[in-house]
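The values are calculated or read from the model by the stated rules, or taken from the named source; none is laboratory data. What you see is a predicted model, and the numbers here were worked out from it, not measured in a lab. Cβ coordinates were reconstructed from backbone atoms using ideal geometry, including for glycine residues, and neighbour counts include every protein chain displayed.
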Amino acid sequence: MATNSVTVRVPAKVNLQLSVGPRENDGFHGLVTVFQAISIYDDLTITHAAPGSGLALSITGDHIAGVPADETNLAAKAAQIIAKEYDVEIDATMQILKTIPVAGGMAGGSANAAAAIVAIDALYSLGMTREEMVKVARQLGSDVPFMLNGGTAIGRGRGDELTAALSRGTYHWVLALSSAGLSTPSVYAECDRLRAGLIIANPQASDKLMQSLLAADEISVGKHLINDLQSAACSLRPALRLILDVGQEYGALGGIVSGSGPTVAFLVSDEEAGLDLAVALTASGVVGSVARATGPVPGARVIETR
Ligand code: ATP
């Protein structure tokens with residue numbers, strides 16, 4: 001029987017390292033980042049619709065303000081690229097159930113783009129190779145290739161030149177979420193402003209972080225989390241400093257603004273420590289809401305076909 005509908009599950013990410021090089025002439029920055037995919041997921045379902053009807057998008061979930069339901073959505077852009085490059089008519093409905101915080105520095109939009117690539121490939125039996133998927137992903141954004149793979153990986157260039165990181169163990173995270181997002185371009189602009197006049201070296205992967213991941217030493221991973229955008233995110237949203245302080249006070253192994261923020265990710269030793277910290281953060285009154293997650297987890301993958 002022909003497949004009528006495909007559901008793909010895709011995780012969020014945190015950056016264990018985000019080192020930002022000097023601003024280049026085209027406005028971008030060379031990066032070295034260490035991504036880890038974590039167990040907070042969006043589900044994307046694509047279903048055949050009547051011939052000629054085009055693509056109709058719907059977004060559901062508790063906090064979806066700011067997510068476009070038109071052709072500017074990254075999942076719709078993925079569909080446009082594949083339709084053109086693979087000469088396929090995409091007459092379908094695409095439903096995205098969002099749990100990944102929007103504009104939270106957790107790559108929600110990129111995750112949806114990766115999910116759309118995997119879902120369209122499966123629904124239309126395109127037989128895309130990994131390399132072909134990555135080629136489409138890179139046109140959509142620098143985090144999209146990682147969201148296809150998941151796990152733990154080093155990203156260089158714009159973050160889209162990936163190599164697997166040798167990482168062992170499972171890491172427990174507590175995420176302090178904010179109800180209002182931060183725009184990634186404005187955080188980079190603030191980073192440039194704060195660094196004006198300084199000489200910025202080209203970024204390198206942190207040996208200490210890589211050794212800690214290889215040894216599954218979560219205490220050492222906690223000590224070596226690093227994010228060059230953290231000062232900029234805190235400058236734009238001073239409450240983030242308070243949140244970082246509360247996490248440290250209540251026993252987190254390490255705390256870091258995730259990507260461009262405003263989500264703050266705390267590494268904890270186990271599930272129980274995660275519960276304790278989640279309670280402390282909630283009671284502190286400085287955090288909008290709290291989520292717990294583990295990583296690494298796989299990237300975008302089909303969970304149901306009908
Ligand atoms: P990153 O960590 O990659 O910088 P982010 O997690 O901070 O991204 P997103 O959740 O990806 O931010 O959203 C950033 C903006 O992208 C949103 O405000 C929205 O305007 C736009 N956007 C486009 N498509 C999507 C999508 N499918 N889901 C969420 N946002 C989307």
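Values computed for the structure shown
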item: Residue ID - surrounded by the most Cβ atoms within 10 Å (Cβ to Cβ), chosen from residues in region 189-219 that are closer than 13 Å to Ser19 by Cα and aliphatic (A, V, I, L, M); result: Leu209
item: Breaking point among (1) surrounded by 20 or more Cβ atoms within 10 Å (Cβ to Cβ); (2) within 16 Å of the ligand (Cβ to nearest atom), for Leu236; result: (1)
item: Residue check for Ile81: in a strand (DSSP E or B) and modelled with pLDDT of 95 or more; result: no
item: Leading residue by the ranking (farthest from Tyr86 (Cα to Cα)) among those in region 107-166 that are away from the ligand (no atom under 16 Å from the Cβ) and within 13 Å of the chain's Cα centre (by Cα); result: Thr152
item: Those residues of region 250-262 which are modelled with pLDDT under 95 and of a type outside the set (Gly, Ala, Ser), in sequence order; result: Tyr250, Pro262
item: Residue ID - nearest to the chain's Cα centre (by Cα), chosen from residues in region 167-184 that are surrounded by fewer than 18 Cβ atoms within 10 Å (Cβ to Cβ) and either modelled with pLDDT of 95 or more or not assigned by TED's automatic domain parsing to the domain that holds Gly247 (or both); result: Thr170
item: Identity of the residue in region 84-107, in a loop (DSSP other than H, G, I, E, B) and touching a Leu at 6+ places or on another chain (Cβ under 6 Å), that ends up farthest from Arg237 (Cα to Cα); result: Tyr86
item: Residues being in contact with a strand residue (DSSP E or B) (Cβ under 7 Å, 6 or more places away or on another chain), in a helix (DSSP H, G or I) and surrounded by fewer than 20 Cβ atoms within 10 Å (Cβ to Cβ) - total across region 245-272; result: 2
item: Residues that are in a helix (DSSP H, G or I) and not aliphatic (A, V, I, L, M), drawn from region 186-212; result: Ser186, Tyr188, Glu190, Cys191, Asp192, Arg193, Arg195, Asp207, Lys208, Gln211, Ser212
item: Hits in region 19-63 (condition: surrounded by fewer than 16 Cβ atoms within 10 Å (Cβ to Cβ), within 16 Å of the ligand (Cβ to nearest atom) and at pLDDT below 95); result: Gly27, Phe28, Asp62
item: Count of residues meeting criterion [more than 18 Å from Arg9 (Cα to Cα), touching a strand residue (DSSP E or B) at 6+ places or on another chain (Cβ under 6 Å) and assigned to a strand (DSSP E or B)] in region 136-168; result: 7
item: Single match in Ala232, Ala215 (criterion: modelled with pLDDT of 95 or more, under 27 Å from Asp276 (Cβ atoms) and of a type in the set (A, V, I, L, M, F, W, C)); result: Ala215
item: Meets criteria (in contact with a Lys or Arg (Cβ under 6 Å, 6 or more places away or on another chain) and in contact (Cβ under 8 Å) with a residue 60 or more places away in the chain) for Ile303; result: yes
item: So Ile256, is it away from the ligand (no atom under 16 Å from the Cβ), touching a residue at least 12 places away in the same chain (Cβ under 8 Å) and of a type outside the set (Ser, Thr, Tyr); result: no
